[in-house]
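For reference, the structure discussed in these notes is given below.
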Amino acid sequence: MNSETVSSEWSALLALQRATHATLQVLSAELVDLDLTASEINALANLADGRGRTVSELGADVGSRPTTLTSVLDRLERRGHITRGTRPGDRRAVLIELTSSGQVAAAMIRQAIADLERRALGGLPDDAVAHLRAALQALTEVS
């Protein structure tokens, strides 16, 4: 890719940034009854698989520094959506896990994400979606 390919009119990264913000607005509107911020939605969506994570692991998954994530986790804990405990075998590591109310909220979030993805990408050929996922993974690995 040369410098002429990446222009201000069409940059893949700018398009990704626009799509991210548009996606967050749609999800926030669809999940308004949960009364969660975009960062809280992102954290719960990443915990929806039921696997507990350390603050560092969750920070990597959500694209946030652990120090920034702390206030998000504080709010989710106060609302009863997560617990913070110790990881077996490593008392220094804080393990984040969903509570039952967090599991319900996370399932609603994952469903809203799946519905939005289906609406947005459902008309694309499978190989185009696979290429999109590969490109997003490559961008994630660079950062």
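Side notes on the structure shown:
- Size of electric dipole in the chain: Cβ of Lys, Arg +1 and of Asp, Glu -1, about Cα centre, debye, nearest 20: 580 debye
- Computed over the chain, the per-residue total of -39500 (n - 2.57) for DSSP H runs of n ≥ 4 gives a 222 nm mean residue ellipticity of -20500 deg cm²/dmol, rounded to 500.
- Most mobile listed residue (G123, G85, G50) in the chain, GNM with C-alpha springs under 10 Å: G123
- The simple spin-label model puts a point 7 Å past each Cα toward its Cβ; for D115 and T70 those points are separated by 3.7 nm.
- Per-residue Cβ neighbour rank within 10 angstrom, fewest leading, S39, S143, S71: S143, S71, S39
- Between the labelled values [x] 44, 15, 13; [y] 30, 19, 14; [z] 40, 15, 12, the entry that holds semi-axes √(5λ) of the Cα gyration tensor in Å as derived from this structure is [y].
- Around the amide H of T54, modelled in the peptide plane, lie the amide H atoms of I96, all under 5 Å away and 5 or more residues distant in sequence or on another chain.
- Exposure proxy order (Cβ contacts within 10 Å, fewest to most) of T23, T86: T86, T23
- Model label zone, R92; criterion: amide N under 18 Å from point 7 Å along Cα-to-beta-carbon; scope region 40-73: 54-58, 66-67
Bear in mind these aren't lab numbers, they're just calculated from the coordinates by the rules spelled out. On a predicted model such as this, the values are computed, not experimentally measured, just so you know. Positions of Cβ are generated from backbone atoms using ideal geometry, with glycine treated the same way; all protein chains shown enter the neighbour counts.
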